[in-house]
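Engineer: Let me begin by handing over the structure; questions about it come next.
The values are calculated or read from the model by the stated rules, or taken from the named source; none is laboratory data. This structure is a prediction, so every number in the text was calculated from the model and none was measured. All Cβ positions, glycine included, derive from the backbone under ideal geometry; neighbour counts span all protein chains shown. With ligands, DNA and RNA removed, areas are computed over all heavy atoms of the protein, side chains included. Shrake-Rupley method; radii C 1.70, N 1.55, O 1.52, S 1.80 Å.
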Amino acid sequence: MAKLIDGKAVAAEVRAKVALEVEELTRNGVVPGLAVVIVGDDPASRTYVNNKKKACAQAGIYSEEYALPETTSQEELMTLIQKLNLKKDINGILVQSPLPSTLDEEAVVEAINPEKDVDAFHPSNVGRIMIGNFHFLPCTPAGIIELINSEQIDITGKNCVVIGRSNIVGKPMAMLLLHHNGTVTICHSKTRNLAEICKNADILVAAVGKPKFVTADMVKPGAVVIDVGMDRDMDGKLCGDVDFVNVEKIASWITPVPGGVGPMTIAMLLKNTVVAARRQNGIL
Ligand code: GUN
C-alpha cells in the first residue's frame, strides 16, 4: 500500500515559513503585495482566486483583486497590466488563466513585468527556467518538487514520466525534474505506447485533465505517483487523473486529490511573491 504524500501538511509548512519571512520584511517596512486579475465569471477560476486571496491574508501579504467583466477589451486589460507594473505596493501580478477566448492571453503574459511575474509564465522567466538561472519557479511544478523532497525521494537517475505538455505544468515540470538529474520523458495525446512508457516510470506525474486516466496496469510497482488532476468522475465527484483506489495498492508514494498537489500551488505562489518583494527592494 502506497504512502500518502500529504500536500496539505507540506503546504502548511511552506506557508508558515512564508508568514515568518513576511513578518520580518514588514518590520523592515516592506509589505509584499500581490495583484490578482480575473476576467469573467468562471466558477473554478473564482474559487482559485478566492483561495489565493485568503492565503495572502493569512501570510500577511497585501493583496488586491481586479475582477473584470467578460466583455473587457484587450486594451483595457493591457492598460491595467501597465498600471500594475508601475504600482509600487504591488510586487507580484497574477492573471488567472484561462482568459475569455476574445482576449490574447499570450500578449497579456508578455506585458507583465518579468520581475512581477510570480506565475513564471513570461517568456523571459520560461527561458530562465530552461537555462537553470531562474528567479521564480512555476508554482505547480515547484510545489511537486517540494512534495517529492518532503519524503526525501531522490530524483537523480530516476526514470521520470510526465503525462501532459502544457506550458503551465507539463513542460516546466519536465524541466525541473531534469534539473534534479532525472531522466525525463514527456507523454501527450499523440504518444504511442503511452501505457508502456508510463510502466517504466519510477516517478510518474499525471497532468492530463482526464478523470482516472492512469490505471494500475500503467504503473510500475513501487513507483512514486503524483496526480495534478482536478477532475470530476461519472458521479460528479472530485477526482484526479489517477485511478487512486487501484494505483494506491502498487505505488510506493501517491498524492491524493484533493489534498495533494493543489494546496502546494498556492503555497508556492506566496513564496514567489516574497521573492519578488525581496528582489524589488534589494533584500536578498
Ligand atoms: N489557472 C490554473 N492554474 C493557474 C496558475 O497556476 N496560474 C494562473 N495565473 N492561472 C491558472
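Engineer: From the list Arg15, Arg46, Arg27, which one is touching a strand residue (DSSP E or B) at 6+ places or on another chain (Cβ under 8 Å) and open to solvent by 60 Å² or more (accessible area, probe 1.4 Å)? I'd like the intermediate steps shown before the answer.
Structural biologist: On the way: Arg15 fails: touching a strand residue (DSSP E or B) at 6+ places or on another chain (Cβ under 8 Å); Arg27 fails: touching a strand residue (DSSP E or B) at 6+ places or on another chain (Cβ under 8 Å).
On inspection, the qualifying residue turns out to be Arg46.
Engineer: Taking segment 193-216 only, how many residues are open to solvent by less than 70 Å² (accessible area, probe 1.4 Å) and more than 26 Å from His180 (Cα to Cα)?
Structural biologist: Looking only at segment 193-216, we keep the residues that are open to solvent by less than 70 Å² (accessible area, probe 1.4 Å), and these are 194-195, 197-198, 201-209, 211, 213-216.
So of that shortlist, the ones also more than 26 Å from His180 (Cα to Cα) come out as 211, 213, 215-216.
Counting residues in segment 193-216 that are open to solvent by less than 70 Å² (accessible area, probe 1.4 Å) and more than 26 Å from His180 (Cα to Cα) gives 4.
Engineer: List pairs: first in segment 59-76 and in a loop (DSSP other than H, G, I, E, B), second open to solvent by 40 Å² or more (accessible area, probe 1.4 Å), Cβ under 7 Å, 6+ apart or cross-chain?
Structural biologist: Gly60/Glu23; Gly60/Thr26; Glu70/Asp41
Engineer: Still on this structure, I have one more. Restrict the check to segment 86-107 and report whether at least one residue is open to solvent by 30 Å² or more (accessible area, probe 1.4 Å), free of Cβ contacts under 8 Å to residues at least 60 places away in the same chain and touching a strand residue (DSSP E or B) at 6+ places or on another chain (Cβ under 7 Å).
Structural biologist: yes
Engineer: On the basis of being in a loop (DSSP other than H, G, I, E, B), free of Cβ contacts under 8 Å to residues at least 40 places away in the same chain and open to solvent by less than 10 Å² (accessible area, probe 1.4 Å), does Gly222 make the cut? Spell out how you get there, then give the answer.
Structural biologist: Details: in a loop (DSSP other than H, G, I, E, B): yes; free of Cβ contacts under 8 Å to residues at least 40 places away in the same chain: yes; open to solvent by less than 10 Å² (accessible area, probe 1.4 Å): no.
No; evaluated as a whole, the condition is false for this residue.
Engineer: While we're on this one: Is it the case that Ser124 is under 19 Å from the mean Cα position of the chain (by Cα) and open to solvent by 20 Å² or more (accessible area, probe 1.4 Å)? I'd like the intermediate steps shown before the answer.
Structural biologist: Values: under 19 Å from the mean Cα position of the chain (by Cα): yes; open to solvent by 20 Å² or more (accessible area, probe 1.4 Å): yes.
It is true that Ser124 is under 19 Å from the mean Cα position of the chain (by Cα) and open to solvent by 20 Å² or more (accessible area, probe 1.4 Å).
Engineer: For the structure I just gave you, tell me whether Lys53 is away from the ligand (no atom under 16 Å from the Cβ) and either over 20 Å from the mean Cα position of the chain (by Cα) or surrounded by fewer than 18 Cβ atoms within 10 Å (Cβ to Cβ) (or both). Give the derivation first.
Structural biologist: Numbers: away from the ligand (no atom under 16 Å from the Cβ): no; either over 20 Å from the mean Cα position of the chain (by Cα) or surrounded by fewer than 18 Cβ atoms within 10 Å (Cβ to Cβ) (or both): yes.
When the stated conditions are applied, Lys53 does not pass them.
Engineer: Which ones in segment 139-179 are touching a helix residue (DSSP H, G or I) at 6+ places or on another chain (Cβ under 7 Å), buried (at least 19 other Cβ atoms within 10 Å of the Cβ) and assigned to a loop (DSSP other than H, G, I, E, B)?
Structural biologist: Within segment 139-179, Ile155, Gly164, Ile168, Val169 qualify.
Yes/no per residue for (1) on the phi > 0 side of the Ramachandran plot; (2) within 16 Å of the ligand (Cβ to nearest atom); (3) out of contact with any Gly (no Cβ under 8 Å at 6 or more places or on another chain):
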position	(1), (2), (3)
Val22	no, no, no
Ala35	no, yes, no
Gly40	yes, yes, yes
Thr47	no, yes, yes
Ala59	no, no, yes
Ser63	no, yes, no
Glu76	no, no, yes
Gln96	no, yes, yes
Pro100	no, yes, no
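Engineer: May I ask you to list pairs of residues, at least six apart or on different chains, whose Cβ atoms are under 7 Å apart, with the first in segment 40-53 being in contact (Cβ under 8 Å) with a residue 60 or more places away in the chain and the second being assigned to a helix (DSSP H, G or I) and within 12 Å of the ligand (Cβ to nearest atom)?
Structural biologist: Sorted first by the residue in segment 40-53, then by its partner, the pairs are Asn51/Ile266; Lys52/Ile266; Lys52/Leu269.
Engineer: Could you go through segment 62-75 and let me know if any residue there is under 20 Å from Ala12 (Cα atoms) and modelled with pLDDT of 95 or more.
Structural biologist: Yes, the conditions are met somewhere in segment 62-75.
Engineer: Shifting gears a bit: Among the candidates Val245, Val261, Val275, single out the residue that is surrounded by fewer than 23 Cβ atoms within 10 Å (Cβ to Cβ), closer than 23 Å to Ala59 by Cβ and either of a type outside the set (D, E, K, R) or modelled with pLDDT of 95 or more (or both).
Structural biologist: Values: Val245 fails: closer than 23 Å to Ala59 by Cβ; Val261 fails: surrounded by fewer than 23 Cβ atoms within 10 Å (Cβ to Cβ).
None of the other options fit; the residue is Val275.
Engineer: Please determine whether any residue of segment 81-94 is modelled with pLDDT of 95 or more, within 16 Å of the chain's Cα centre (by Cα), under 20 Å from Lys171 (Cα atoms) and within 14 Å of the ligand (Cβ to nearest atom). Step through it out loud before you land on a result.
Structural biologist: So in segment 81-94, the residues modelled with pLDDT of 95 or more come out as 81-94.
Then drop every residue that is not within 16 Å of the chain's Cα centre (by Cα), which leaves 92-94.
Retained after the next criterion (residues that are under 20 Å from Lys171 (Cα atoms)): 94.
From the residues that got through so far, the ones that are within 14 Å of the ligand (Cβ to nearest atom) too are 94.
Yes.
Engineer: I need the full set of residues from segment 234-262 which are more than 20 Å from Gly170 (Cβ to Cβ), under 19 Å from the mean Cα position of the chain (by Cα) and in contact (Cβ under 8 Å) with a residue 60 or more places away in the chain, in order please.
Structural biologist: Pro256, Gly259, listed by residue number.
Engineer: So for segment 123-131 (the condition being at negative phi, charged (D, E, K, R) and without any contact (Cβ under 8 Å) to a residue 60 or more places away in the chain), does at least one residue qualify?
Structural biologist: Yes.
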